[in-house]
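All remarks here apply to the structure that follows.
The values are calculated or read from the model by the stated rules, or taken from the named source; none is laboratory data. Computed from a predicted model, the values in this text were never measured in an experiment. As a convention, Cβ positions derive from the backbone with ideal geometry for all residues, glycine included, and neighbour counts pool all protein chains shown. Note: areas computed on protein heavy atoms with side chains; ligands, DNA, RNA excluded. Shrake-Rupley method; radii C 1.70, N 1.55, O 1.52, S 1.80 Å.
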Amino acid sequence: MAKNLTKVPQGKGEVRIIAGLWRGRKLPVLLSQGLRPTSDRVRETLFNWLMNDIVSANCLDCFAGSGALGFEALSRQAAKVVMLEKSPVVAKQLKQNLQQLKTQNGEIICIDTLTYLAQHQPEQPFNVVFLDPPFHQDLLNTTLTLLETHHWLADDALIYLESEKTLQNIDIPASWQLLKEKFTQQVAYRLYQKTGVAE
């Protein structure tokens, strides 16, 4: 499904940063099972949606994987991006990529996302949250609940949600308003905003 991966030797692929400080820069990605980087086209649409909000934002990438979303946010001058990644080998590659970019604004945490969200409290709530969990693993609804109930979201936070197109019954919190929604052949992607008012 990872159509935007360019196959290169030794079990690695690449993701390309679309715009910003590192426009055109290619970063290595491990070709691990279940890794499905957000396609260039979808990423371009997403960051067009976020154009007026990403600069100086405090961002959380809940299922970092390739780091495509987190590194794109950093390239577009987010103030801080925290990336959560469960796999030690994938997290190691993310850390190496962060070092290559020579930025102090990113942080890679090797941990299960649900464990982290349940057991920690943010130093400050996040303005932008990326949710692109592995498909078909029933992770989305629990993640949404933890983000809402454990106070991870700033007032008026923007939440990007990417899921398999066939997924039904997503438990969107009542205080989230759908701003944007698009579909590809296999993927549904949406942008929500926390309004602070349950409808």
Query raised in the report: Which FRET efficiency, nearest 0.05, do ASN141 and LYS102 yield, Cβ-Cβ r, R0 45 Å?
Result: 0.75
**Report entry** Dipole moment magnitude, nearest 20 debye, the chain about Cα centre, only Lys, Arg, Asp, Glu C-beta charged
**Finding:** 1060
Query raised in the report: Of ARG23, ARG41, ARG76, which has the most accessible area and how do the rest follow, probe 1.4 Å?
Result: ARG23, ARG41, ARG76
Report task. Determine the calculated [θ] at 222 nm for the chain from helices alone, applying -39500 (n - 2.57) to every DSSP H run no shorter than 4 residues and normalising by the residue count; nearest 500 deg cm²/dmol. Result -> -7000 deg cm²/dmol
Query raised in the report: Taking a probe of 1.4 angstrom, what is the accessible area of MET51 in Å², to the nearest 10?
Result: 120
Report task. Averaging over all projection directions, find the projected area of the Cα convex hull of the stretch 28-134 and quote it in nm² with one decimal place. Result -> 6.4
Report task. Enumerate the amide H contacts of VAL29 below 5 Å, restricted to partners 5 or more residues apart or on another chain; note that Pro and chain-start residues carry no placed amide H. Result -> GLY13, GLU14, VAL15
Query raised in the report: Once phi is turned into ³J(HN,Hα) by the Karplus curve 6.51 cos²θ - 1.76 cosθ + 1.60 with θ = phi - 60°, what whole-Hz value does each residue of the stretch 12-18 show in order, with x for glycine and proline?
Result: 10, x, 9, 10, 10, 6, 7
Report summary line: Ordering LYS182, LYS92 by the accessible surface of their heavy atoms, 1.4 Å probe, largest first, yields LYS92, LYS182
Query - Heavy-atom accessible area per residue - the chain, 1.4 Å, Å² - result: 51
Report summary line: Rounded to two decimals, the Rg over Rh value of the stretch 120-199 from Cα coordinates and the Kirkwood Rh reads 0.95
**Report entry** With every protein chain in place, the chain: carbon and sulfur % of accessible area (1.4 Å)
**Finding:** 46
Requested in this report: Could you please tell me the mean projected area of the C-alpha convex hull for the chain, averaged over all directions and given in square nanometres to one decimal?
Outcome: 10.3
Query raised in the report: Length gain on complete extension for the stretch ARG41 to ASP112, per 0.36 nm per residue less the alpha carbon to alpha carbon distance?
Result: 22.8 nm
**Report entry** THR184, THR142, reordered so the largest accessible area comes first (probe 1.4 Å)
**Finding:** THR142, THR184
Report task. Can you pull the one-decimal nm distance between simple spin-label points at GLN177 and GLN77, each 7 Å off the Cα toward Cβ? Result -> 2.7
